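Written below as structure tokens is the structure these notes are about.
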């Protein structure tokens, strides 16, 4: 019998689940800040939904099977086909642009490596029904603001953006034939992950002359909008695409994220359904896989049997993001109790339970000993649980509701005191005073997100 989870899957102990919950909470907060609304779909879909989008070769990467009804189905490996199907089914009734997000668990049967498992949770953000570059800027701003919300800055994260239409126009300008473009895209997509001589060999094998090969490789390295305009701006198709890209950069500046972004023509996104601006987010030190990736896929709805509709979106997984947060010391521990309620007398257990109930109804996280223990043992248990405060019921609790409040995790900068100690100063040491302070200052509770 296997003792651990299946290869590529994870157990979520409390600390790991706390990290996942934190990541998903930030995802939701930022997406809602941008007025995206949440949706979800089934974890099982017809296998055809994925082969129609990505070809039969994707089957080797799926958890697929024949169900008891004889249907060929698969655990969802991504969310884009599902959302495209859902939007297509109600395209006429939905207000445009459609601004949706989801946080599904996804499954892919592929080789495990750092940053890639066989299951992960992912933030998906999509816009349907808007063709202008304003939507592309809005989409990338969501992804970057997620990074900011985690406390990551330009020293931590970089967004590398490109435009497949611009790259196509540039390749045509330097002599690459239209029939060669898809295969050239495949080589460019791997330029950073293979030696230059391998790229040269692959491009030459496509029939590109040596000067064209050199220009292709020079083109995709360290290009800027200014350098591209200076060298290729006389071409009308290049000029048109550059003008839109410059407008895109201007909008990113107005959305407050331009400093995170740089042009990188090696970003083409291997999936053939992307049609326009594409991007990937990386850690600035280059130590991890891409944190996030996405772009425009204007033809996908129609390809899946829906109406023609411009669309764009991105996916951001929790695995690489979690590694990045841990590397920067930004992970979040599991929540600890706000209060541990104790009493010296074993007969006071009913009062301890009553006090715990009243504090819990004030939205505090509260624990107490479930069996009789000495006060010293209860104090040790409170420390072990990570409780912020120990509430000890007084001997005359039933008559006067007296308590003793003791800080177990003093706030930095306040010698031996926590925030509640300050707020309780000068007030009667009673349960009623404590409940009143909590009602007036709920921010003192660490259990409230």
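The values are calculated or read from the model by the stated rules, or taken from the named source; none is laboratory data. The structure displayed is predicted, hence computed values, not measured ones. Because the Cβ atoms are built from the backbone with ideal geometry, glycine has one as well, and the counts that use them run over all protein chains shown.
So for the stretch 311-321 (the condition being within 30 Å of residue 119 (Cα to Cα), touching a residue at least 40 places away in the same chain (Cβ under 8 Å) and assigned to a loop (DSSP other than H, G, I, E, B)), does at least one residue qualify? Steps first, please.
Narrowing the stretch 311-321 to residues within 30 Å of residue 119 (Cα to Cα): 311-321.
Now restrict to residues that are touching a residue at least 40 places away in the same chain (Cβ under 8 Å): 311-321.
Narrowing the set further to residues that are assigned to a loop (DSSP other than H, G, I, E, B) leaves none.
Scanning the stretch 311-321 turns up no residue that is within 30 Å of residue 119 (Cα to Cα), touching a residue at least 40 places away in the same chain (Cβ under 8 Å) and assigned to a loop (DSSP other than H, G, I, E, B).
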Exercise for the section: Select from the stretch 185-203 the residues that are crowded, with 17+ Cβ neighbours inside 10 Å and more than 31 Å from the chain's Cα centre (by Cα) and write down the one among them that is farthest from residue 220 (Cα to Cα). Expected result: 202
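Report whether or not residue 322 is surrounded by fewer than 19 Cβ atoms within 10 Å (Cβ to Cβ) and more than 19 Å from residue 100 (Cα to Cα).
Numbers: surrounded by fewer than 19 Cβ atoms within 10 Å (Cβ to Cβ): no; more than 19 Å from residue 100 (Cα to Cα): yes.
In short, no.
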Completion exercise
Heads up, the helices (runs of 4 or more DSSP H) in the stretch 176-274 (entirely inside) with at least 1 residues that are in contact (Cβ under 8 Å) with a residue 40 or more places away in the chain, out of contact with any helix residue (DSSP H, G or I) (no Cβ under 8 Å at 6 or more places or on another chain) and under 21 Å from residue 293 (Cα atoms) are 181-189
Exercise for the section: Quick one: count up the residues across the stretch 63-84 that are more than 22 Å from residue 117 (Cβ to Cβ), in contact with a helix residue (DSSP H, G or I) (Cβ under 7 Å, 6 or more places away or on another chain) and either outside the structural domain of residue 317 (by TED's automatic domain parsing) or crowded, with 19+ Cβ neighbours inside 10 Å (or both). Expected result: 1
Practice task
Name, by its number, the condition in (1) closer than 23 Å to residue 440 by Cβ; (2) modelled with pLDDT of 90 or more; (3) assigned to a helix (DSSP H, G or I) that does not hold for residue 379.
Solution key: (1)
Practice task
Would you point out the residue of the stretch 108-140, among those that are touching a helix residue (DSSP H, G or I) at 6+ places or on another chain (Cβ under 7 Å) and assigned to a helix (DSSP H, G or I), that is surrounded by the fewest Cβ atoms within 10 Å (Cβ to Cβ)?
Solution key: 134
Exercise for the section: Name the residue, out of 331, 346, 323, that is closer than 30 Å to residue 36 by Cβ and out of contact with any helix residue (DSSP H, G or I) (no Cβ under 9 Å at 6 or more places or on another chain). Expected result: 323
Exercise for the section: Please work out which one of (1) in contact with a strand residue (DSSP E or B) (Cβ under 7 Å, 6 or more places away or on another chain); (2) not in a strand (DSSP E or B) is the condition residue 278 fails and give its number. Expected result: (2)
Exercise for the section: List the number of the failed condition for residue 384; all other conditions in (1) part of a loop (DSSP other than H, G, I, E, B); (2) at pLDDT 90 or above hold. Expected result: (1)
Exercise for the section: Provide a single number: the residues in the stretch 220-241 that are at pLDDT 90 or above and in contact with a strand residue (DSSP E or B) (Cβ under 9 Å, 6 or more places away or on another chain). Expected result: 2
Handout entry: Breaking point among (1) surrounded by 22 or more Cβ atoms within 10 Å (Cβ to Cβ); (2) more than 30 Å from residue 392 (Cα to Cα); (3) modelled with pLDDT under 95, for residue 288
Key = (1)
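Does the stretch 89-100 contain at least one residue that is part of a helix (DSSP H, G or I), surrounded by fewer than 18 Cβ atoms within 10 Å (Cβ to Cβ) and at pLDDT below 95?
Yes, that holds for at least one residue.
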Problem - Lone unmet requirement of (1) assigned to a loop (DSSP other than H, G, I, E, B); (2) touching a residue at least 60 places away in the same chain (Cβ under 8 Å); (3) out of contact with any helix residue (DSSP H, G or I) (no Cβ under 6 Å at 6 or more places or on another chain) for residue 337 - result: (3)
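Being part of a helix (DSSP H, G or I) and touching a strand residue (DSSP E or B) at 6+ places or on another chain (Cβ under 9 Å) is the filter here; which residues of the stretch 2-25 pass it? Give the derivation first.
Taking the stretch 2-25 as the starting set, the residues that turn out to be part of a helix (DSSP H, G or I) are 14-25.
Matches in the stretch 2-25: 20, 23, 24.
Mind telling me which of the residues 51, 66 ends up being in contact with a strand residue (DSSP E or B) (Cβ under 8 Å, 6 or more places away or on another chain) and free of Cβ contacts under 8 Å to residues at least 24 places away in the same chain?
Details: 51 fails: in contact with a strand residue (DSSP E or B) (Cβ under 8 Å, 6 or more places away or on another chain).
From the options 51, 66, the qualifying one is 66.
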